[in-house]
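Everything on this sheet refers to the single structure shown next.
The values are calculated or read from the model by the stated rules, or taken from the named source; none is laboratory data. Note that the structure is predicted; figures quoted are calculated from it, not measured. Neighbour counts run over all protein chains shown; Cβ positions are idealised from the backbone, glycine included.
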Amino acid sequence: MNVARALEGVGIALDSIRSNKVRAGLTILGVAIGVMVVIAMASAITGVNRSITAMLESAGPKTFFVQRFFQGGLNISDGSDELSPWRKNPWITVEDAELVHQLPLVQDVSVSEGTEGPVSYEDISLKGVLIAGFGPSWVLVTGGEIVSGRTFTSAEYAAGAHVAVVNDKLAESLFPRGVDPVGKRIRVFGQPFTIVGVHVEAASLFGGGDQVRMAMPHTTFVKVADYRKGWMDFSVLPVASATSLEAQEEVISALRAKRGLKPMQENNFAVLSQDKILDSFNNITAGFFAVMVALSGVGLMVGGVGVVAIMMISVTERTREIGVRKALGATKREIMFQFLVEAATLTVVGGTIGLALGALIAVAIRSNTTIPASVPLWSVVVSLAASVVTGVLFGLYPAFRAARLDPVEALRFE
Amino acid sequence: MSEPIIRIRDLTRHYEMGTETVQALRGVSLDIGRNEYLAIMGPSGSGKSTMMNMIGCLDTPTGGEYWLNGQEVSQLSDDQLARVRNKEIGFVFQTFNLLPRATSLHNVELPLVYAGVSSRERRSRASAALGRVGLGNRMDHRPNELSGGQRQRVAIARALVNEPSILLADEPTGNLDSTTSEEIMQVFAELHRQGQTIIMVTHEADIAAHADRTVVLRDGKVETDRATHGVAA
Ligand SMILES: Nc1ncnc2c1ncn2[C@@H]1O[C@H](COP(=O)(O)OP(=O)(O)OP(=O)(O)O)[C@@H](O)[C@H]1O
Ligand SMILES: [Mg+2]
């Protein structure tokens, strides 16, 4: 029987939306924007989360990273020493990487350094290609796959050979469709290189989507590239018999010994486990959530004020109807329930529209960036629940006014 | 008279209007029996509607007693009054008071909704009630698609659908022409013949003439209370 009354309330609410388009529109818009923000941001966060997880998974769960300094979260530096403590840290060097490679618990090390630079093929030249120098096992670390040809060999790495692996985007920019890039000769920083393979990245937050990029042996990179020095880092793959933590400890003590740090001194380098990366990502996520809650809160407030306005009008316009319902046996609680259902219907209509808009934004993010955004179920549940709660909360006062009406007075109302 | 369904003793109702007190009812005593057909008459402002609101449990008295079916109404809570209105009272208003957006059937179902009747049973009982007032073929019409007389019949069906002890009608023909009024009186007569207790307020002597008994109020008191022989055919 409550279902019958709820359905009646929904029907009346839809009617009153139709007859009060502007007021209802404002209410619906407020809630819709609130919900849209929640859905869109939740989808983006889910997408980013997924790509970070994918990136870390492609690197193998035990792989960790050694860097000069770790910026946990988003730091904006003006270049002063105080805000840039990393300046005190010495550069990470190839020697560091080689030392680590010798350690018993370390199976593999892959150095990495990058910059932007010019690449040309015949009369096509591109500026701002992302050019990276890697160790031979870089594909294991960065993820993705070689779809044509091969990556460079350890021998080519040792020799500093002029060989390059381009990504699919760079191949498309340089060569007409149907031409195999493998074996083609290009110029990088003006120097001749031979393409040995084509690489496709794993979906990744840092992959940058439409970015044109190429990889070469790090040994070659340091010879030919024009780059800002001091930002090399390397990744470490522990041996199968060791845990990531054991290997990290070994690497830390080896580097501390090499750098002559005393027991009291802090590390002047950073060892980043995947847990730590995820932690800092979670900090960023928390920031996003705060913004999300604030924005959607404003939308829901606007919607809530609209609910109060439209429901007060609805109660006044239908005073006589309330009198009739009371005469026919409706209790205060039943009148209250009817108007709360009506208020909640308004906000749920807004919430549903917001849900649809948010989902559209998620689709737009997915197709225009590399972030695999998708609407998580919890955000749908939370948004609809928030819509209902907004309607009920802001509908309470008008519903209370309706329930409290004296039946005789209400029946005499003109 | 059989055992009274309504027993009213020294009933008063005062309205505070600023510093002034309006005495709408100043001590009314009345017994109304089961299956009676009573007309209440009297000049404007004599307290007829106030009396009907008391009997219909829409309002509570300032003083005196009102026993409905052996129950003292002034002791009841708001929720209990709502239950009594739902189960014991059927209202017919001068201005019909149908929900404008709802069909006849839906309007008639409304008291059953508040009685907690299942939707299937609501439908069958509401359509039966519409059948009783001769509107079996107008169930899906909305009020603005019906004539005044038809609207009042929908309202009567709505008043009857819960099988109330009393049908209360405050000037049921006040908004109708004389032919339509006569039709509505025929419906009332038929209901009365079937055993329905009816209390009706009217200004018109020829409408009151349909009842068995007429009570005339003046200045919030019973002026006359006499049997009339129902002229209903
Ligand atoms: N809510 C109220 N506040 C103040 N006075 C009221 C109220 N309701 C009724 N009255 C007064 O009580 C008296 C009786 O009113 P009531 O409506 O019962 O008269 P009535 O007999 O139905 O008149 P009518 O034939 O015009 O409908 C009138 O003097 C009226 O002004
Ligand atoms: Mg009156």
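Tallying residues that are more than 30 Å from B:TYR15 (Cβ to Cβ) and in contact (Cβ under 8 Å) with a residue 12 or more places away in the chain within the range B:194-221 yields 5.
Just so you know, in the range A:385-407 the residues that are farther than 20 Å from A:ARG333 by Cβ and either surrounded by fewer than 18 Cβ atoms within 10 Å (Cβ to Cβ) or of a type outside the set (Ser, Thr, Tyr) (or both) include one that is farthest from the other protein chains (Cβ to nearest Cβ), and it is A:ALA386. On inspection, B:ALA155 fails the criterion of being under 22 Å from B:CYS57 (Cα atoms), surrounded by 20 or more Cβ atoms within 10 Å (Cβ to Cβ), within 16 Å of ligand 2 (Cβ to nearest atom) and small (Gly, Ala, Ser).
Only one entry of A:SER314, A:SER296 meets the criterion of being within 14 Å of chain B (Cβ to nearest Cβ), in contact (Cβ under 8 Å) with a residue 12 or more places away in the chain and buried (at least 21 other Cβ atoms within 10 Å of the Cβ), and that entry is A:SER314. Pairs are defined by a Cβ separation below 9 Å, a sequence spacing of at least 6 or placement on different chains, a first member in the range B:41-58 that is within 16 Å of B:GLN94 (Cβ to Cβ) and assigned to a loop (DSSP other than H, G, I, E, B), and a second member that is aromatic (Phe, Trp, Tyr) and more than 9 Å from ligand 2 (Cβ to nearest atom); the pairs so defined are B:GLY56/B:PHE91; B:LEU58/B:PHE91.
Here is a yes/no grid of residues against (1) of a type outside the set (Val, Ile, Thr); (2) touching a helix residue (DSSP H, G or I) at 6+ places or on another chain (Cβ under 6 Å):
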position	(1), (2)
B:THR103	no, no
B:GLU121	yes, no
B:ALA129	yes, yes
B:ARG153	yes, no
B:THR179	no, no
B:ALA189	yes, no
B:HIS192	yes, no
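The lone criterion from (1) within 14 Å of chain A (Cβ to nearest Cβ); (2) within 16 Å of ligand 1 (Cβ to nearest atom); (3) free of Cβ contacts under 8 Å to residues at least 60 places away in the same chain left unmet by B:THR224 is number (1).
Screening the range B:80-136 for residues that are closer than 15 Å to B:ALA155 by Cβ and of a type in the set (Val, Ile, Thr) and picking the one that is surrounded by the most Cβ atoms within 10 Å (Cβ to Cβ) gives B:VAL108. Among the residues making up the range B:115-158, those that are within 14 Å of chain A (Cβ to nearest Cβ) and without any contact (Cβ under 8 Å) to a residue 12 or more places away in the chain are B:GLY116, B:VAL117, B:SER118, B:SER119, B:ARG120, B:GLU121.
Consider the range B:63-79 and keep the residues that are more than 14 Å from chain A (Cβ to nearest Cβ) and hydroxyl-bearing (Ser, Thr, Tyr). The one that is surrounded by the fewest Cβ atoms within 10 Å (Cβ to Cβ) is B:SER74. Against the condition in a loop (DSSP other than H, G, I, E, B), modelled with pLDDT of 95 or more, more than 16 Å from ligand 1 (Cβ to nearest atom) and under 27 Å from B:VAL28 (Cβ atoms), how does B:PRO172 come out, does it pass? So B:PRO172 does not fit the description; no.
For A:THR142, indicate whether it is over 21 Å from A:SER51 (Cβ atoms), touching a strand residue (DSSP E or B) at 6+ places or on another chain (Cβ under 9 Å) and not assigned by TED's automatic domain parsing to the domain that holds A:ALA44. Taking the combined requirement at face value, the residue does not satisfy it. Here the range A:321-361 is the region considered, the condition is being within 14 Å of chain B (Cβ to nearest Cβ) and touching a Pro at 6+ places or on another chain (Cβ under 7 Å), and the residue that is surrounded by the fewest Cβ atoms within 10 Å (Cβ to Cβ) is A:GLY323. Where helices (runs of 4 or more DSSP H) fall wholly inside the range A:318-414, the ranges with 1 or more residues that are modelled with pLDDT under 90 and more than 20 Å from B:GLN80 (Cα to Cα) are A:332-368, A:377-404. Here is a check on your reading of the model: is B:ARG9 in a strand (DSSP E or B), in contact with a strand residue (DSSP E or B) (Cβ under 9 Å, 6 or more places away or on another chain) and away from ligand 2 (no atom under 16 Å from the Cβ)? So B:ARG9 passes the test. Restricting the range B:21-58 to residues that are more than 9 Å from ligand 1 (Cβ to nearest atom) and within 14 Å of chain A (Cβ to nearest Cβ) leaves a set whose member that is surrounded by the most Cβ atoms within 10 Å (Cβ to Cβ) is B:MET54.
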